[in-house]
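Below is one structure, written out as structure tokens; the observations come after it.
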Amino acid sequence: MKAKPCINSLTVKNSHVLPPDTNSHGTLFGGKLMAYVDDVAAIAATRHARMPVVTASTDSVDFLNPVKEGNTICLEAYVTYTHRTSMEIFVKAITENLITGERQVCTTAFLTMVALDEEGKPTEVPPVLPESEEEKWLHAGAAKRAEYRRNRRKESKELAERFGASFPWDPTTNQKA
């Protein structure tokens, strides 16, 4: 498969932060921001693979600055690295006060998406071609981040096996099982 430039997958989403999007502090719900992050990452991955994708993982999402009611939020995403069937997508979110013009990065995140074929099975994706200095920097660190994700996933599976699917209490009586 021929490599595709990172810029080909660039996805930008802007939203005005309205009262229903905010918590009691007048700032954007963290879950709403995470949904935006997942959405732009999925669009970027689909643009790169030109196939349906699913989210395999989301790295830590750090809320660096609040996104206030009345501000806008602009998210940028693009594919930074590919493996056989998976893609790493970098997402940067910027909040802007439309009155003052002040802009701040409010979060950054990496997500892993997997491309699916017609039967819903993982399928190969084209490699990515980093061109800008930022793209090359992100691409250079991708293998290390992928190794970290593999280790984290292994730990998550161990936790799932240890704690299982049963509840430690009976949800119908709200008492210990």
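The values are calculated or read from the model by the stated rules, or taken from the named source; none is laboratory data. Bear in mind that the values here come from a model prediction, so they are computed numbers and not experimental data. In this analysis, Cβ positions are derived from the backbone assuming ideal geometry, glycine residues included, and neighbour counts consider all displayed protein chains.
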Given (1) in a strand (DSSP E or B); (2) touching a residue at least 60 places away in the same chain (Cβ under 8 Å), index of the condition Glu124 fails: (1)
Cβ pairs under 6 Å, 6+ apart, first in the range 1-18 and part of a helix (DSSP H, G or I), second of a type in the set (D, E, K, R) and modelled with pLDDT of 95 or more: Cys6/Glu135; Ser9/Arg47
Count of residues meeting criterion [farther than 15 Å from Ser57 by Cβ and either buried (at least 22 other Cβ atoms within 10 Å of the Cβ) or not small (Gly, Ala, Ser) (or both)] in the range 83-118: 20
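Which one of these is under 24 Å from Met1 (Cβ atoms) and hydrophobic (A, V, I, L, M, F, W, C): Ala109, Ala93, Ala45? Please lay out each step first, then the result.
Numbers: Ala109 fails: under 24 Å from Met1 (Cβ atoms); Ala93 fails: under 24 Å from Met1 (Cβ atoms).
Answer to the check: Ala45.
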Counted residues, the range 69-82 - those being crowded, with 16+ Cβ neighbours inside 10 Å, more than 24 Å from Pro52 (Cβ to Cβ) and not hydrophobic (A, V, I, L, M, F, W, C): 2
Qualifying residue in the range 60-68 (condition: modelled with pLDDT under 95, closer than 26 Å to Arg153 by Cα, surrounded by fewer than 20 Cβ atoms within 10 Å (Cβ to Cβ) and among the acidic types (Asp, Glu)): yes
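Residues that are closer than 25 Å to Pro20 by Cβ and more than 15 Å from the chain's Cα centre (by Cα), at least 1 per element: which strands (runs of 3 or more DSSP E) completely within the range 46-110 meet that? Step through it out loud before you land on a result.
Numbers: elements: 53-58, 72-82, 86-96.
Filter on the range 46-110 gives 72-82, 86-96.
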His25 being under 30 Å from Arg84 (Cα atoms) and either of a type in the set (A, V, I, L, M) or touching a Pro at 6+ places or on another chain (Cβ under 9 Å) (or both): no
Residue within the range 30-48 that is among the aromatic types (Phe, Trp, Tyr), crowded, with 17+ Cβ neighbours inside 10 Å and closer than 18 Å to Glu96 by Cβ present: yes
The lone exception for Glu88 - which of (1) in contact (Cβ under 8 Å) with a residue 60 or more places away in the chain; (2) closer than 14 Å to Val128 by Cα it fails: (1)
Residue under evaluation Leu138, criteria (1) among the aliphatic types (A, V, I, L, M); (2) in contact (Cβ under 8 Å) with a residue 12 or more places away in the chain; (3) not in a helix (DSSP H, G or I), criterion not met: (3)
